[in-house]
1. What does the accessible area of Y97 come to, in Å² to the nearest 10, when a probe of 1.4 Å is used?
2. Considering Cα pairs under 8 angstrom that are at least six residues apart, work out the relative contact order of the stretch 157-219 and quote it in whole percent.
3. Would you work out if the stretch 114-258 is rounded, prolate or oblate? Take a ≥ b ≥ c from the square roots of the eigenvalues of the alpha-carbon gyration tensor; rounded if a/c is under 1.5, else prolate when a/b is larger than b/c, oblate otherwise.
4. Would you kindly derive the ³J(HN,Hα) couplings of the stretch 244-251 from the backbone phi angles with the Karplus curve 6.51 cos²θ - 1.76 cosθ + 1.60 (θ = phi - 60°), listing them in order in whole Hz, with x for Gly and Pro?
5. Springs between alpha-carbon pairs under 10 angstrom, Gaussian network model over the chain: which of K313, K11, K244 fluctuates most?
6. Which net charge results for the neighbourhood of I309, defined as the other residues with beta-carbon distances under 11 angstrom from its beta-carbon, given Lys and Arg at +1 and Asp and Glu at -1?
7. Which whole-angstrom value gives the distance between the alpha carbon centres of the stretch 360-395 and the stretch 37-68?
8. Which angle from 0 to 90°, rounded to the nearest 10, does the C-alpha axis of helix 274-287 make with the longest principal axis of the chain?
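The values are calculated or read from the model by the stated rules, or taken from the named source; none is laboratory data. None of the values given here were measured: they were computed from a predicted structure. Every residue, glycine as well, gets a Cβ built from its backbone with ideal geometry; the counts of neighbours run over all protein chains shown. Remember, those area values only see protein heavy atoms, side chains included, never the ligands or the DNA or RNA. Shrake-Rupley method; radii C 1.70, N 1.55, O 1.52, S 1.80 Å.
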Amino acid sequence: MEATRPSPWRKVCLELLPVLLAVLTFVYCLHYIDITGRYSESYSPDEGNYIRMARRIAAGQEYSYWGKGPDAYVTPGFPLFLAFFMKIFGTDVYGLYWIKVVQGILCALTVYLTFVLGRQLTRRYSVGLIACWLVAANGAFPFLARFLLTETLYYCTMTAFFVVFVYACRKDTWWAHAVAGALFCVTVMVRPLVFVTAPFLYAPLFWHRRKQWKRPLLRFVSFAGAFCLLALPWWIRNYVVTGKLILFATQTNPIFAGLAPSVTALGLKDPRTFIGNIKLLLHLLVTRPGATLYWMTLGKFEILFLKPIGVWKLKVFTAIVSHITLYLGLSGAAAVLFLPKARWVSIVFLVYLLASFVFVPTARYGLQYMPLLAVFAGWLITFLADKVREYRKLL
């Protein structure tokens, strides 16, 4: 018998499902903005610093996080994002409200991009839809979208980068790799952590085409060239203002504060350099090996992933979805390591994940991995479902 073709209406409905989930996420973001006060002037310390910094930039003043002269304390991605929309909507509480609405749109876009990434990596609609739902059902994303912090922008640009990078590897065109490089730069300039994946992104391409190395080299040059071209104004500005080549930012205290549960109780002093903090970590591993190893592994894991973000709605449901995403996602990432053709996807993710254990742990930092964990979870669920169907056919 001839196979029945799927109805065009069914195809349309399937394609609209991720869009619907994204729209519902946006509505949920607006709800959070409303219940916490549309024009609330209650900000966390980091929010207050970013808002004041963006207002100075929007007014044509110096780029300064502390307001005490030009600095490069934080990367420019989020401050410029805030300043840009302040130019459009204004710098008062009404303008800040509309920036929160924009962040709601970015949150919804992250949900849809998670679907695209899952389908791209596995070529399966079901994986993308499961991953998309796991992110949409996680109330921590809409909850954080109301805060004027780097999280929401970063989740969106990070997911967009991985989507474009996978597309570039599939299409193998120089311009796609250049767009991926530019998006990588934007993401790094919002939060630099994802830069640790850079040495691993093109490793499989060079390995599989080692006998024809010129083509992957040109693709890498396109990627790196676009990255450097976009980052160049920031590098030049930093050198002119500070007299030093600062690639990302001068802020080092997240590393220092993450060396122990209480660095002040140990009498430690921030060396204010990356190398200095690494030396301090090695010193702690020698002098306090057991406590330091536990803190740098299980201790941080508990804070990053097991302590829920204080969402105000559907707390239990959000916790359940987070745990499903976490445990199935980690299991899926471990399983993919045994698949030769997909192994590098898991390697890049694990490198990115382990990098977080260097810094001070907060639940907000753990949430950045949820879209990627959701994709691994979606793959594992469909993989197990296929195995169950195969087993039933044998009975």
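1. Counting only protein heavy atoms, the figure is 20 Å².
2. Relative contact order of the stretch 157-219: 32 percent.
3. oblate
4. Each residue of the stretch 244-251 in turn: 10, 8, 10, 5, 10, 7, 9, 5 Hz.
5. K11
6. Result for the local shell: +2.
7. So the two Cα centres are separated by 39 Å.
8. The angle comes out near 80 degrees.
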